[in-house]
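Undergrad: Below is a structure I'd like to ask you about.
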Amino acid sequence: MNRFRSTTGPGETVRWHVQPDVDTLAATVCSRILHESGQAIAARGVFRFVLAGGSTPQAVYRRLADAGADWSRWQIYFGDERCLPADDAERNSVMAFRSWLAGSAVPAGNIHVIPAEQGAASAARQYAAIVDAARPFDLVLLGMGEDGHTASLFPGQAHDTSESVHAVHDAPKPPADRVSLGEHALNDARSVLVLVTGQTKHAALERWKQGEELPVARIHGQAGTDVYLDRSADNGLTAGVA
Ligand code: 6PG
């Protein structure tokens, strides 16, 4: 595993963890999540965890489904959601339930789904109250798109930074209407993990490493950011780094 430490400012240290393949990455990230949960529960009696959407985290969620933890202490939130019917297979919440939460011992009342089926504006208002009551988060899990977006924060889209949660319209990744935690809410976290796999993500990773202010590059936990990437996405970006 290579580690490349690039520091762009206090609390903005980015640590790059190259994993040989997706299975190893999923196992490594699952272990890290369980470690973070143990630390949080020991310190504060609760683990406040923001889930990533998309397809990359599914392998991690499936491993969590087989793991042991003090699930009653877990509080689950979502980093973003697509404005689709609540049971639509393309929903991030449906993906998380099918790969992990449906069979888990996490109490249903601890799983805070974004009501995106009610429309972006209404759902963002409702979810902001939940997010503001929960912050700071212990762990935020994120993915990254080929354009460097994360959650539903897309390049070239401006948002009211006073909002914890944004209503997103005209998203370039369907569906156009979404709900997303904003930059400040995502940064209000002890740890941030970004999962990036596959060669299609290499170009955005290169832009990130070159210092481009991509949406994903603006998200930093209090302890910096840990990027877990597989060799396909890395493709030599961190090879040979001390
Ligand atoms: C979504 C996600 C989005 C995702 C990236 C990566 O709603 O699609 O929130 O931010 O994490 O687009 O998606 P993949 O993991 O499918 O590549």
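Just so you know, all these numbers are worked out from the coordinates, no wet-lab data involved. Please read all numbers here as calculations on a predicted model, not as lab measurements. Methodologically, a virtual Cβ is constructed for each residue, glycine included, from the backbone with ideal geometry; neighbour enumeration extends over all protein chains shown.
Undergrad: Given labels modelled 7 Å from the Cα in the Cβ direction, how far is it in nm from HIS35 to ALA158?
TA: About 4.1 nm separates the two model spin labels.
Undergrad: What nm distance separates the two modelled labels at ALA129 and ALA65, each placed 7 Å from Cα along Cα→Cβ?
TA: Distance between the two pseudo-spin positions: 3.3 nm.
Undergrad: Could you give the longest part of the chain that holds none of the GluC sites (Glu not before Pro) found in DSSP loops with at most 16 neighbouring Cβ atoms within 10 Å?
TA: Numbers: sites that count: GLU12, GLU90, GLU146, GLU212, GLU213.
Longest site-free region, per DSSP loop and neighbour criteria: 13-89.
Undergrad: Have a look at the DSSP beta bridges in the chain and tell me what percent are antiparallel, nearest 5.
TA: Working: 14 of 39 bridges.
Taking every DSSP beta bridge within the chain, about 35 percent pair in antiparallel fashion.
Undergrad: Looking at ALA43, ALA105, ASN92, which one has the Cα that reaches farthest to the positive end of the dipole of region 1-120 (charges on Cβ: Lys, Arg +1; Asp, Glu -1)?
TA: In region 1-120, that residue is ALA43.
Undergrad: Here is a follow-up. Run through region 154-238 and list the trypsin sites (Lys or Arg not before Pro) located in a DSSP loop whose Cβ has at most 11 other Cβ atoms within 10 Å.
TA: Qualifying residues, ordered by number: none.
Undergrad: In debye, nearest 20: dipole of region 25-179 around its Cα centre with unit charges on the Cβ of K, R (+) and D, E (-)?
TA: 500 debye
Undergrad: Same structure again: Classify the chain: rounded, prolate or oblate, from the alpha-carbon gyration tensor (a ≥ b ≥ c, eigenvalue square roots; a/c under 1.5 rounded; otherwise prolate if a/b is larger than b/c)?
TA: rounded
Undergrad: Going by C-beta contacts inside 10 Å, put MET95, MET144 in order with the fewest on the left.
TA: MET95, MET144
Undergrad: Using 0.36 nm per residue of separation minus the Cα-Cα distance, give me the extension gain between ARG15 and SER232 in nm, one decimal.
TA: Here the answer is 76.4 nm.
Undergrad: How much length, in nm to one decimal, is gained on full extension between GLU213 and ASP23, taken as 0.36 nm per residue of separation minus their Cα-Cα distance?
TA: Net length gain for the segment: 65.4 nm.
Undergrad: Can you find, among VAL196, ALA151, LEU181, the residue sitting farthest towards the positive end of the charge dipole of region 132-225, where Lys and Arg contribute +1 and Asp and Glu -1 at Cβ?
TA: About the Cα centre, the residue reaching furthest to the positive side is VAL196.
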